[in-house]
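The values are calculated or read from the model by the stated rules, or taken from the named source; none is laboratory data. For clarity, every value in this text was computed on a predicted model and none was experimentally measured. Glycine gets a Cβ as well: all are built from the backbone with ideal geometry, and neighbour counts include every protein chain shown.
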Amino acid sequence: MIKIFSGADRERFPQDFDQMFRARAAIFKDRLGWEVDVENGLEIDRYDRCDDTVYLVSSDADGHLTGSLRLLPTTGDTMLRHEFSDFFDEPVDVESPTAWECTRFCVHPPRHGARAEAMRTVSSDLLIGLCGLCLDSGIEHIVGLYDERMTRIYQRIGWTPDPLAESRSHRGHLIVGLWEATPHALDRMQSLSTRSRVLPLRQAA
């Protein structure tokens, strides 16, 4: 299940936000070792304190969040324009009312099953939800910074970004990508997602 929140919804849905911020701390701080601010087990930055920040989250049948991402309009402050600006030799800036920045893409620590399986399934759910949100909202492009190792996952899901720039070597192999939101991209992801979930059942039979 996909749910969409804004920063203004935090008091209405405290448990969802708590799960999301705790998962971000577990992934970005504890597992990846990023320099992020964590307080009381929650990873929150200045963008999370804005009412117009948009969040898209996926949840399981029990209502437990399985993944989340954050969207910022590129006409305002973005991490690419500020926090990530020194990652690249030349400035990389995208500014358009129909382009939004995706940050804090996070597959939450799974409660059941292997992490690799959760990574593929939850990433697919999030990207399908994101593309659908874009089409419903008039957003034409998503821009975001991602690790090069995610490229194969995006290919398997069916929505591969166009690379705009690559980071300096000492930062690791980070890429700024631009995803185009189209009905074709959504149809392809939905088809691949259905096939990947039905095939194991057929094989087991």
Restricting to segment 130-149, and then to whatever is of a type in the set (A, V, I, L, M, F, W, C) and surrounded by 18 or more Cβ atoms within 10 Å (Cβ to Cβ), can you tell me which residue is farthest from F5 (Cα to Cα)? L145
In segment 101-146, what count of residues is obtained for those that are of a type in the set (D, E, K, R), touching a residue at least 24 places away in the same chain (Cβ under 8 Å) and over 22 Å from R22 (Cβ atoms)? 3
What is the one condition in (1) touching a helix residue (DSSP H, G or I) at 6+ places or on another chain (Cβ under 9 Å); (2) part of a helix (DSSP H, G or I); (3) not basic (K, R) that D93 does not satisfy? (2)
Looking at (1) part of a helix (DSSP H, G or I); (2) under 23 Å from L80 (Cα atoms); (3) among the basic types (K, R), which is the one condition that is false for R104? (1)
Exception for Y55 within (1) surrounded by fewer than 18 Cβ atoms within 10 Å (Cβ to Cβ); (2) in contact (Cβ under 8 Å) with a residue 40 or more places away in the chain falls at (1)
L80 fails exactly one of (1) surrounded by fewer than 19 Cβ atoms within 10 Å (Cβ to Cβ); (2) farther than 16 Å from M20 by Cβ, namely (1)
Any idea which residue in segment 15-37 is farthest from R70 (Cα to Cα), counting only those that are without any contact (Cβ under 8 Å) to a residue 40 or more places away in the chain and either among the aromatic types (F, W, Y) or surrounded by 17 or more Cβ atoms within 10 Å (Cβ to Cβ) (or both)? W34
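Of the residues E166, E180, only one is under 18 Å from the mean Cα position of the chain (by Cα) and charged (D, E, K, R); which?
Checking each option against the conditions leaves just E180.
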Checking P91, P97, P73 in turn, the sole residue that is loosely packed, with under 12 Cβ neighbours inside 10 Å and modelled with pLDDT of 95 or more turns out to be P97
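Identify all residues within segment 107-120 that are of a type outside the set (G, A, S) and outside any loop (DSSP other than H, G, I, E, B); write none if there are none.
Of segment 107-120, the ones of a type outside the set (G, A, S) are 107-112, 115, 117, 119-120.
V107, R115, E117, M119, R120 - these are the residues of segment 107-120 that are of a type outside the set (G, A, S) and outside any loop (DSSP other than H, G, I, E, B).
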